Structures are given as structure tokens and as C-alpha cells.
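The values are calculated or read from the model by the stated rules, or taken from the named source; none is laboratory data. For clarity, every value in this text was computed on a predicted model and none was experimentally measured. Positions of Cβ are generated from backbone atoms using ideal geometry, with glycine treated the same way; all protein chains shown enter the neighbour counts.
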Amino acid sequence: MRKLFPLLLLLFTLQVISQRPEGGPGNGRSPVTITGTVLDEENNQPLEYATLVLQSVDNPERVTGGITDINGKFSVEVGPGRYNARIEYISYKSKEFPNQNFTKSTDLGTIKLALDVAQLNEVELVGERTTVEVRLDKKVYNVGKDLTNSGATISDALDNIPSVTVDVDGAIALRGNGNVRILINGRPSALAGFGSTDALRQLPADAIEKVEVITSPSARYDAEGTAGILNIVLKKEKTRGFNGTINTTVGYPDAFSITPNLNLRTDNFNIFTTIGYRYNKGPGNGFFDNTYFNGAFDRIIEDRDINRNNSGFNANLGIEYFLTDQSSLTISGFGRLNDGEDVTDNNTTRFIGTNIDSRTLRREIELEDEKSYQLSLNYNNNFNDEGHKLTADFQYSFDEEIKPIIISEDQFFPTDSIIDAQNIDQIELQNEVLVQVDYVLPMGDAQFEAGYRGNFEENDNDFALEQRNPDTGVFEPNPGLTNRFIFNQNVNALYTQYGNKYGKFSFLAGLRLENTQLKGQVTGVDIETLREILGPEIDLDFNKNYLGLFPTLNLIYELAENENISLGYNRRINRPRGFFINPFPSFSSRTNIFQGNPDLDPAFANAYDIGYLKRWEKITLTTSVYYQKETNSFERIQEETGQLTTDGIAIIRSLPINLSTNERIGGEVGILYNPFKWWRINGSFNFFQFNSSGIFNGVDFGAKNTSWFSRFSSKVTLPGKIDWQTNAFYRGPTNNAQTENEGIFSINLAFSKDILKDNGTIAFNVSDLLNSRKRMSFTQTPTFTSDSEFQWRVRQFNLSFVYRINQQKQRERRQQRDDSGDDEEFGS
């Protein structure tokens, strides 16, 4: 019966609102307005769709009321008289105001509701389904119970979020644009690898509470990321007492993980922790077929086998101590240890004409010992119950990667011989300090915010290479390639913003001032040898400063109760990361290398977004159209270096450069359809076109490309209460000035069933059911062509079990939203 409570409550509210109590407007007496704000007692967050019930004392059959808005505020007109007032919200204890004499407009002030623990033990609650909440500056996806995420990583979970794609290399894009800023709990973090997404492939998806997709960031956010921001919020339970979950997974190819999420909350403190161990094998493969128009060989085929073995441990432990009723101090620490071994076998066949000249085997063994640590301090002071508050944050992060690499290349046709052998020692250190202060001042329906953020980051990359002397067989240091590159990025920012609501119109306007300092220094290398590779115009020791203003504006107009239109504008910056600036080439292949460009400058973009949201009884529609113009944009180009290997093969490098402009226009649509209680369908479609122009080294690298990607998800409850979910994804073909990429199609499949009196859930899922998630490309230049195929990970099977400690199977607390159509669901 309790499961029907939200639906009955909403129907009851809608019915009684239409009734007029005695003394109401219908009898000639002027109505009075009853206002107030409803908050969660634990965290002072507004409770949207809480219900105000007003029952006439003189005629108890006369009942009226209303519901709160997104800010927890209500405003109800009633006829003057005496009322019993009551505030209700599902799974919270009601607040009553008996025998109130409302003879004039009255503000009931701030009303705080506490969770009803007894009711929580009986009602199915929170987190079993993925929903989206539309805000002025973002969409919030509560990740919930996506069956295909069982045993998956954070990177896998992001790939199920609308507007987001994760390619076969692990690169994350938002609306097809790879320049997206990744934040953890609203801040840069060692969890995100300081710009690299490798760590997100190692952390468990079930540690996520929600993902915020911020395509039009307000001024409070860092201006980094021309595509926008993805903010990953990790779980921190709010319920009193000891509770949590334990998630275990086994899979094939070999995979095992265990992740306890545990929480202990009292009146004075809240202790929370997520601990995880993960082991997996990740076989992959690659293929390159290169044709040369000049040089010693006419054609070279590379066939790569990749075997990855990774084991990692991560722990997130924190305590929130409540200093007073209005203030708290939170201390948390994060640590990650990862031990990996990647073995790549590259079988190469060389042709002169159509005849095979030689065959070689190149083996690269890369060991990786990685450590990440992070310490965070947060102080929160709520001056009053209206949202007037001050927060201060300090965060220190450290990341160390030790990567010894052993490379050997042997010829086995037509004769056996040693071609090359190298030993590489690479140490990467990253340190980051973040200081942030935010102030919020509510002013009625309006709100003023201001703050400061400082990010101070240093990357130290120490690279040493020894090469086998073919005459003596002894490994000797290569002074032309042994080096150390130190890169600093310091960002200081001030921001202010103001928001208000006038009837059906809401806006949020802000301005951010940022100063970016980029410093680089090259040591321990033969500078002349390096200049022969990069060119004499490249400054290897640089110190650049960029000062910029970044305005933002977000508007929403409510056309009707379940319909609105939004408009967003913001200016963004794309700062080059250390990987793109480091001038020393990678060595995964002797003939195909990637090389950073220390001469890269930041790119700047102006972005516009128009959105529309409409809800019906069983269908929810979201659409948007967006336009972005980026100047000084980055693009990877491929060119011959003019150098040859010892056996006469031309060396091709991939190099990031600044192009003049990049214009992008697109549109997206998302539909949720609930035809029956046991069947939920949702889909999304994103179409975009970009046009880039620019000349480098006398070559025009301008390109125009139109592409799209689409998602479809279906969840069905079968007999026996077995849930069956299917997720399908397709990304259309893309191209730039040199390379055409074919479309990619993949399907994920999952089944789950609750057991042990709903305290446990067992799930089985298949990732990439058709084993089709491969990148296939064709590159053409004046001197060579390259036909390639790459698969990061083959099809994966996972079996997982989740056990809940002192938790019932949870359903969304705000179930009123489900019944009124005010939440949209994706991928659950």
C-alpha cells in the first residue's frame, strides 16, 4: 500500500487544489497568500514537490494546498480563516501547524523535514533507476541501477550517459567534441588522472551517485573545456546509522572486482568510505596497412596483438564532523595503487612492389606502477536556513607513474637477425594544489554568488632511453632522446554571478576572470638534435600568461507546467595539457609516432545552446540546438618527419597544432517512453557538423565533416521479476582533412534478479555483444596512405552480486515526480 502513496498523494493534491474552502475567493472575500520554504534537515537541500495541505478548521471537508518548486518554495492562495496546515513529503516525517488563523498573507518561513527511518524500512527507495533533472546550467543524471554497469568502470558508465561518447581509446567526448573537462565532486582530481582518462577505466562504476552534464557552465565553474564539463559525484550516504553495499564481480576475459561502499552516520559525524580491488585482462588488437609513394618500401603491414594485465586498489575515506547546527568540517582522503603490464606484439611485413621483402616482430613490454593520493578539506558554514552560506576548500593531489619499457625488434624472414632493441625508463610526477572559496547570498527569489579558485599544477616527465649498439651488443644511453620535461599550469580565477526568477522566467548571469600561466622547461637533452626534429622556431623553454574574461548567461522560460525553453551562452578556454606539449616522441612504433608541440597556445570558444523540454503522461521529450565557434583550435595532423629508420623506412608522426577556426553546429533529441509499467524505452540522437580551417607548413588542413551518434535502451521486467536491459549505440562516420573514420556499432545486454528477500541482486551482462566496437580509419596524404583498425578491448562477460547492508531495495524517494512526469529516465 505504501508503494501507492506518492500516486495517491499527488492525485489527492490535484483534486483538492481545485476546491475552494469556505471563505475562499468564491465568496467575495480577498484571498491571502501562504508562503514558505521546505528543506531537508540533514543537508539543507530544497525538497522539490513537497506538499502543503491546508484543512479548514470550521469545515474539515474543505481542503486545499500546493507543492513546492525546484527551490523548495511554495505559494498558495486561500480564503481568510482558520486552518490546520501540514507539510508532507514521501519518506519524511510530516510537520504540522494546527489551528492557524490566516487573516493576512503569511510566511511560514523555513520548514525542515527529517527522514522517517521507520518508513524507510518499509518503502522501496532511491537509486534503482537513472533519472535526469534539468537545471538552469546543467542536467543531472542520477546513475542509479543501470544493469549494464554491473562490474563496469566509471568510463563504461559515462558511455551510457546521453550526449557523452567514449571511443575505443578511452577518449571522452561531449556532443562529439573531445575537449571536455572532467571533474570529481566538482573539482579536478587524481581520480580523473589530471587530464588522462586511464584512471576512469580502473575505478568501479558503482561508486558513482550521479553525473552532471554541464553544456552551458555558469561562472562558478572553471572555464576549461570548450565542449563543457562532466562532473562525477561519488556516493556519500545521508541515512543515519550503519549501512552500505558490497558489490563483487567475476568476468571473462579474466576479471574480478570487489567494492564495499560503507557509511556510518550519527548526530555528530558522518563517516563514509568506498574501497575497491579490481583485476582484469584486456586483450585488444590493431592493424595498419601503409602504402608509400616514395622510400625504400612500397607497402608495410603492421598486425598488432595487445594484452593488458591490470590489478588495482582504491580507497576513498572521509569524515564529516558537524561543528554546530549550521557548520561542518569534512576531511577526506583518496588513494589508488595500480600495477599493470601491457605486452604489444607488432608483426610487420614489408613489400617492394608486390613481393615480400622482409618480416619482423616488434615486442613492447610496458610495466606500470602507478600511485595516486589526494587529501581534501572542506569547511561549510550555513549562516541561516535560507541558503546564506560560505564554503572553503583545500585539496592536494599527487600522482606518480613509473613505466619501464622493454622494446625489441627481430627480423625472421628472409633471415634471422636483431634489428633494434631499446630500454626506456619513464617517470611521470604530477602535483596539484587547489584552493577555493565560495559565498552564496539569497535575496528572496534572487541569489548572489561570488568566489575564488586557484589551481597550481606541476608535471615532471623524466625520460631515459638506452639503445642496443649493433656492433657490440651493449645498451648505450641515447643522449639525443634522454630528457626531462617540466610543465607548470597555474590558474587563478575570480567569479561572480546573480540569478533571479520573475514569474515563469528564470535567469543566471555571471562573469569569470581567469589568468592562466603555462611554463615549460626542457633539460638533459641535446637541444640541437631536438631542434632538427621540431624546427628552429619552437621555444623549448617558455613562460606564457593569458588573462581573459568569461561571461555566462542561462535563461529558462516556463511555457507551461510541463514545458519550458532554455537559452545558454558561455565563453570557454581549451588549455593544452602536458601530453600535447611534451616535445619528445612516443615509441610504440618505430615508424608511427606521436609527438607533442611546445608551441601550442590555448584555444578559445563562444558557445550557444537553445533547449526545449516537454512532458506528457507517458512521454518525455528533450531537445536542443547548439553552436560553437572556436579560435586557435587544436587538430592532430600527420606528416613525414624526413627521417628514416636504420632499415630505410620513412618515419611518420602525429602532431597537434593550432588551426585558425573550428565551427561546430548540432542538435540533439532525447525521448523517454513508458508504454507499460513493466517496459521502459528511451533513446537519444545527436547530429553535428564541424568546419575547420587552417594552414600548417604550407599544407591546407581545413575540413568539413557531418556526423551523428544515437543511443537506444530498453528495459523489460520479465516473469519471475527478472529485469532485462538492452543498450545499443551507433556513431556515424567522421572525417577531417586527412582521415576518414567508419561508423561504430555496439550492443550491451544485461539481466538481473533480486534475491535474499531483496537484500541482494545478482546480474549478468555482456559488453559489446557483437564484438564490433572497433575504430576503422583511412588516412591519405601526398606521400602515403594508411588503412587502420583498432580495438581496445574485446567482448566482455560479467557476473556480479550486490548485497545491501541495512538497506532495503531502494526506489526514488521523490516518487511524486514519476507520477507527475517530472523526471526523465535514461539507461536504467
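Looking for something in contact with a Gly (Cβ under 9 Å, 6 or more places away or on another chain), in a loop (DSSP other than H, G, I, E, B) and either surrounded by fewer than 19 Cβ atoms within 10 Å (Cβ to Cβ) or modelled with pLDDT of 80 or more (or both) - is there at least one such residue anywhere in the stretch 272-283?
no
Check the stretch 285-302 and report whether any residue there is within 30 Å of Arg775 (Cα to Cα), surrounded by fewer than 19 Cβ atoms within 10 Å (Cβ to Cβ) and under 27 Å from the mean Cα position of the chain (by Cα).
Checking the stretch 285-302: at least one residue is within 30 Å of Arg775 (Cα to Cα), surrounded by fewer than 19 Cβ atoms within 10 Å (Cβ to Cβ) and under 27 Å from the mean Cα position of the chain (by Cα).
Can you tell me which of Thr324, Thr344, Thr349 is assigned to a strand (DSSP E or B) and either modelled with pLDDT under 95 or charged (D, E, K, R) (or both)? Reasoning before the result, please.
Details: Thr324 fails: assigned to a strand (DSSP E or B); Thr349 fails: either modelled with pLDDT under 95 or charged (D, E, K, R) (or both).
Step by step, each of Thr324, Thr344, Thr349 is checked, and only Thr344 is assigned to a strand (DSSP E or B) and either modelled with pLDDT under 95 or charged (D, E, K, R) (or both).
Could you check Asn488 against (1) closer than 19 Å to Gly596 by Cβ; (2) at pLDDT below 90 and say which number it fails?
Going through the list (1) closer than 19 Å to Gly596 by Cβ; (2) at pLDDT below 90, Asn488 breaks only (2).
Have a look at Gly340, Gly335, Gly312, Gly318 and point out the one that is surrounded by 15 or more Cβ atoms within 10 Å (Cβ to Cβ) and in contact with a Lys or Arg (Cβ under 6 Å, 6 or more places away or on another chain).
On the way: Gly340 fails: in contact with a Lys or Arg (Cβ under 6 Å, 6 or more places away or on another chain); Gly335 fails: in contact with a Lys or Arg (Cβ under 6 Å, 6 or more places away or on another chain); Gly318 fails: in contact with a Lys or Arg (Cβ under 6 Å, 6 or more places away or on another chain).
Unique residue meeting the criteria: Gly312.
Could you please let me know if Gly451 is without any contact (Cβ under 8 Å) to a residue 24 or more places away in the chain and either out of contact with any Cys (no Cβ under 7 Å at 6 or more places or on another chain) or surrounded by 18 or more Cβ atoms within 10 Å (Cβ to Cβ) (or both)? I'd like the intermediate steps shown before the answer.
Working: without any contact (Cβ under 8 Å) to a residue 24 or more places away in the chain: no; either out of contact with any Cys (no Cβ under 7 Å at 6 or more places or on another chain) or surrounded by 18 or more Cβ atoms within 10 Å (Cβ to Cβ) (or both): yes.
Answer is no for this residue.
Of the residues Lys403, Lys389, which is crowded, with 16+ Cβ neighbours inside 10 Å and more than 28 Å from Pro583 (Cβ to Cβ)? Full working, then the answer.
Numbers: Lys403 fails: more than 28 Å from Pro583 (Cβ to Cβ).
Just a single option satisfies the conditions, and that option is Lys389.
Taking strands (runs of 3 or more DSSP E) that do not extend beyond the stretch 404-477, which have at least 2 residues that are among the aliphatic types (A, V, I, L, M) and over 25 Å from Glu302 (Cα atoms)? Give the derivation first.
Numbers: elements: 417-443, 446-468, 475-477.
Once the strands (runs of 3 or more DSSP E) in the stretch 404-477 are filtered for at least 2 residues that are among the aliphatic types (A, V, I, L, M) and over 25 Å from Glu302 (Cα atoms), what remains is 417-443, 446-468.
So, of the residues in the stretch 57-74 that are within 19 Å of Asn99 (Cα to Cα) and at pLDDT 80 or above, which turns out to be surrounded by the most Cβ atoms within 10 Å (Cβ to Cβ)? Please lay out each step first, then the result.
Step one: of the stretch 57-74, the residues within 19 Å of Asn99 (Cα to Cα) are 57-66.
Going one step further and asking which of them are at pLDDT 80 or above, we end up with 57-58.
Values: Val57: 14, Asp58: 11.
In this case the residue turns out to be Val57.
Of all residues in the stretch 414-441 being of a type in the set (D, E, K, R) and touching a residue at least 60 places away in the same chain (Cβ under 8 Å), which is surrounded by the most Cβ atoms within 10 Å (Cβ to Cβ)? Don't jump to the end; show me each part of the working.
The first filter runs over the stretch 414-441 and keeps only residues of a type in the set (D, E, K, R), leaving 416, 420, 425, 428, 432, 438.
If we keep only those that are touching a residue at least 60 places away in the same chain (Cβ under 8 Å) as well, we get 420, 432, 438.
Working: Asp420: 18, Glu432: 21, Asp438: 18.
Among those that are of a type in the set (D, E, K, R) and touching a residue at least 60 places away in the same chain (Cβ under 8 Å), it is Glu432.
Looking only at the stretch 778-794, which residues are surrounded by fewer than 18 Cβ atoms within 10 Å (Cβ to Cβ) and assigned to a strand (DSSP E or B)?
The answer is Phe778, Gln780, Thr785, Asp787, Glu789.
Check the stretch 625-645 and report whether any residue there is surrounded by fewer than 16 Cβ atoms within 10 Å (Cβ to Cβ) and among the small types (Gly, Ala, Ser).
yes
Take the residues in the stretch 153-205 that are over 11 Å from the mean Cα position of the chain (by Cα) and of a type in the set (Lys, Arg); name whichever of them is modelled with the lowest pLDDT.
My answer is Arg201.
So, Ala509, is that one aliphatic (A, V, I, L, M) and modelled with pLDDT under 90 or not? Spell out the reasoning first.
Details: aliphatic (A, V, I, L, M): yes; modelled with pLDDT under 90: no.
No: the conditions fail for Ala509.
Residue under question is Ile755, and the condition is that it be in the same structural domain as Asn632 (by TED's automatic domain parsing) and over 25 Å from the mean Cα position of the chain (by Cα); does it hold? Spell out the reasoning first.
Numbers: in the same structural domain as Asn632 (by TED's automatic domain parsing): yes; over 25 Å from the mean Cα position of the chain (by Cα): yes.
It is true that Ile755 is in the same structural domain as Asn632 (by TED's automatic domain parsing) and over 25 Å from the mean Cα position of the chain (by Cα).
For the stretch 724-777, which strands (runs of 3 or more DSSP E) that fit wholly inside it have 2 or more residues that are within 29 Å of Ser707 (Cα to Cα) and of a type outside the set (Ser, Thr, Tyr)?
Numbers: elements: 739-741, 744-755, 760-767.
Filter on the stretch 724-777 gives 739-741, 744-755.
Which of the residues that make up the stretch 82-119 are modelled with pLDDT under 75 and either surrounded by 21 or more Cβ atoms within 10 Å (Cβ to Cβ) or farther than 30 Å from Val63 by Cα (or both)?
Result: Tyr89, Ile90, Ser91, Tyr92.
Yes or no: the stretch 262-271 includes at least one residue that is in contact with a Ser or Thr (Cβ under 7 Å, 6 or more places away or on another chain) and either of a type outside the set (Lys, Arg) or outside the structural domain of Asp369 (by TED's automatic domain parsing) (or both).
Step one: filter the stretch 262-271 for residues in contact with a Ser or Thr (Cβ under 7 Å, 6 or more places away or on another chain), giving 262, 265.
Pick out the ones that are also either of a type outside the set (Lys, Arg) or outside the structural domain of Asp369 (by TED's automatic domain parsing) (or both) and you get 262.
Yes - at least one qualifying residue is present in the stretch 262-271.
Let's see how each residue does on (1) within 18 Å of Ile214 (Cβ to Cβ); (2) buried (at least 18 other Cβ atoms within 10 Å of the Cβ); (3) modelled with pLDDT of 80 or more:
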site	(1), (2), (3)
Thr529	no, no, no
Ile533	no, yes, no
Ile538	no, no, no
Leu549	no, no, yes
Thr552	yes, yes, yes
Tyr557	no, no, yes
Phe579	no, no, no
Ala603	no, yes, yes
Lys614	no, no, yes
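Anything in the stretch 640-661 that is under 30 Å from Thr591 (Cα atoms) and polar (S, T, N, Q)? List them, or say none.
Initially, the stretch 640-661 is screened for residues under 30 Å from Thr591 (Cα atoms), giving 640-660.
Thr641, Gln643, Thr645, Thr646, Ser654, Asn658, Ser660, listed by residue number.
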